[in-house]
Amino acid sequence: MTTTTVTQSGGNQFGVLFSDVFEVHPEVIETFGALDISLVADLPLFIDPFLLFHSEKPEYQALHKGIIQYLKFLRDQSVSGRVSDGLLKAWFFFKEVDNTWLGFSMDGNRGSGLGVTFARALRQNFGRLLDPQQGAVTKDYHLEKLCLIAGGVGRDRISDFTTNLIKGFLCQFTQSFAIQHLRPNQRQTRRVEKAEFNFTTRAWVTVTYELPVFKGEFVLLVPADILARDDTWINNSDLSAQFEHLPQSLPDDAIRAQVNDYFMGLLPEDDEPTAKQRQEARLKTL
């Protein structure tokens, strides 16, 4: 008879995938609609906001609505000019939700998360991205516009931000799986910070869920149909790299001429511009 060493959560400590560790058949996870994640290192997959926005599933449309509602809240606070450093930390700072085991990391599931630079860029740019004069946020005001805020904000950062805004849904999704398919000794009651946002008290709320636990940390499953492995939106570096092809695609010859004129005006006249100078000119023009 083979003896298997188990962790405190009742799983196989030598497993690689969620199905190995928690001794669930992979087809059970697939049928539930989740991804069978690795519990050794992050998978280079990302929650794609487009897959939420374009889905016809009512639960995803509700998430979309909630995301836009929070973006509108941040927009309103940003344009008010009354966001103190404390409120910046409370409303604009987000830790990476490493419990999903998704994204980029060199080892394990610890990424760099969303720091102060991202938070300050959000505060400074929301007034421009989500114009309060519009009165209502239309379908064009989607989360992917955040990728134009600053260099270095790509699909992993957008995925991190989206994950934070739907964390309560992911907890409920995982709790439902755990109660249906895991043994009682494989799940624990855990308090999850920033699970939901209360727009009345204007504060993030801690909520309790019953979740799978691995090596002392709770694990979150993610629906497979909101994950992407390729670039599905244009990030800052992509857009900058394609800049000199953009004027040709603009619909109005006057606009094309003004874009080109402004771009050329930002470059030094006497010497051949360096790569850094051309990059700075592209970003200023954009």
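Using alpha carbons only, how many angstrom separate the centre of the range 158-172 from the centre of the range 49-81? Spelled out, the Cα-based centre of one part sits 12 Å from the other. Hey, quick one: spin label on H25, modelled 7 Å out along Cα-Cβ, who in the range 158-199 has an amide N within reach, i.e. under 18 Å? Inside the label zone: 177-178, 180-183. Placing pseudo-labels 7 Å out from each Cα toward the beta carbon at E217 and L267 gives an inter-label distance of 4.7 nm. Computed extension gain for F50 through Y70, at 0.36 nm per residue and net of the alpha carbon distance, reaches 5.5 nm. Each label was represented as a point 7 Å from its Cα along the Cα-to-Cβ direction; for K89 and T200 these points are 2.8 nm apart. Taking 0.36 nm per residue of separation and subtracting the Cα-Cα distance, full extension of the segment from A224 to Q279 would add 16.1 nm.
With a 1.4 Å probe rolled over the protein heavy atoms of all chains, the accessible area of V28, V79 falls in the order V79, V28, largest first.
Counting only lysines at least 8 places from K57 when in the same chain, those with an alpha carbon closer than 24 Å to its own are K65, K72, K139, K145, K167. For the range 26-102, the convex hull spanned by the alpha carbon atoms encloses 126 Å³ per residue.
The values are calculated or read from the model by the stated rules, or taken from the named source; none is laboratory data. Please read all numbers here as calculations on a predicted model, not as lab measurements. Cβ sites come from the backbone with ideal geometry, for glycine too, and all protein chains shown count toward neighbours. These accessible areas exclude ligands, DNA and RNA; they are computed on the full protein's heavy atoms, side chains included. Shrake-Rupley method; radii C 1.70, N 1.55, O 1.52, S 1.80 Å.
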